[in-house]
Amino acid sequence: MTLPIRIAPSILAADFSRLGQEVRDVVEAGADWVHLDVMDGHFVPNISFGPDVIKSLRPYTKAFFDCHLMISPADPYLEAFAKAGCDGITVHAEAGPHLHRSLQTIRTLGKKVGVTLNPATPLSVLENVLDDVDLILIMSVNPGFGGQKFIPAMVEKIRAAKALIGARPIELEVDGGITAETIGAATAAGANVFVAGSAVYKGDGIESYRANIAGLKGAAEQGRK
Ligand code: DX5
Ligand code: ZN
């Protein structure tokens, strides 16, 4: 199953003093999804933003809000993120003892269901939930910060995830250290959704973002050939 290549800029690298405009600009510049990195200072060693910030960003675009929850526990907050306007909610398999319950809750809330794995977590934890997810996110850095280096061993993990997915229409997303240099290998291995923070939100406003996104898309298409 070949799904479209999608670029999902992470607003973690945007100017937080003018987030609404930064979201609007990146979509205008060609972003397919908007990636929202939620951090709690407990599951990951950093704190970002919560559902109220997402709610305040919702009026700025109709684009898909791809919410990546780096929080533990996640279950008590899923409804708040759904109500805030997230279109997809992704939880970490490491964030709680009842992954299947978390996924079912997101499904019940009517949102696209995502699951993600830290670099050290084996794919085998997904074997029993494959029919319950719409998206698998492979972390290609240890979550918590933008601007880190892509971990090369994750290319093989993406390839194995693609094989595990088989014919299912599951989006295969990669997050961390995605640049025009690393995106091709990730595409060739089977990923179709690419989170990019620092590689998109660099330069000087919307025209820079447009060039950055076009560069990433071009390199991704190249990787598919
Ligand atoms: C890391 C976040 C990423 C991060 C990506 O914890 O989940 O989404 O913002 O940033 P870059 O693209 O700069 O590696
Ligand atoms: Zn993320």
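Laboratory data are not the source of any read-out in this text; all were calculated from the coordinates shown. All values derive from a computational prediction rather than experimental measurement. When we count neighbours, we look across all protein chains shown, and the Cβ atoms used for this are built from the backbone with ideal geometry, even at glycine.
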- Query: So which lysines can Lys149 reach, going by Cα to Cα under 17 Å and dropping same-chain residues fewer than 8 places off?
  - Reply: Lys157, Lys202
- Just name one of Asn118, Ser140, Gly184: the one whose Cα is farthest towards the positive end of the charge dipole of region 118-225 (beta-carbon charges, Lys/Arg +1, Asp/Glu -1). Gly184
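Which percent, nearest 5, of DSSP beta bridges in the chain are antiparallel?
Counting DSSP beta bridges with both partners in the chain, the antiparallel share is about 5 percent.
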- When you count, for each residue, the other Cβ atoms within 10 Å and take the mean per peptide, how do 160-167, 73-80, 206-213, 113-120 rank with the highest first? 113-120, 206-213, 73-80, 160-167
- trypsin sites (Lys or Arg not before Pro) restricted to DSSP loop in region 1-77 with at most 16 other C-beta within 10 Å: Lys62
- Message: Nothing charged except the Cβ atoms of Lys and Arg (+1) and of Asp and Glu (-1): what's the magnitude of the dipole of region 122-221 about its Cα centre? Round to the nearest 20 debye.
- Response: 280
- A correct fewest-to-most ranking of Met39, Met139 by other Cβ atoms within 10 Å would be Met39, Met139
- Item | For Glu127, net neighbour charge (Lys/Arg +1, Asp/Glu -1) across residues whose Cβ lies under 15 Å away | +1
- Task: Pull out the extension gain between Asn128 and Phe145, defined as 0.36 nm times the separation in residues minus the alpha carbon to alpha carbon distance; nm, one decimal.
- Result: 3.2 nm
- Message: Let me understand region 94-154 better: what is its radius of gyration from the alpha carbons, and its Dmax, in angstrom?
- Response: 12.7, 36
- Task: Would you work out the relative contact order for region 60-135, in percent, from Cα pairs under 8 angstrom that are 6 or more residues apart?
- Result: 29
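With a sphere of radius 12 Å drawn around the Cβ of Ala14, what net charge do the other residues whose Cβ falls strictly inside it have (Lys, Arg +1; Asp, Glu -1)? Mind showing how you got there, number by number?
Details: positive: Arg18, Arg24, Lys202; negative: Asp15, Glu22, Asp25, Asp37.
Net charge in that neighbourhood comes out at -1.
How charged is the neighbourhood of Ile5? Take every other residue with its Cβ under 13 Å from the Cβ of Ile5, and add Lys/Arg as +1 and Asp/Glu as -1.
Neighbourhood net charge equals 0.
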- Item | Peptides 99-107, 195-203 ordered by average Cβ neighbours within 10 Å, highest first | 195-203, 99-107
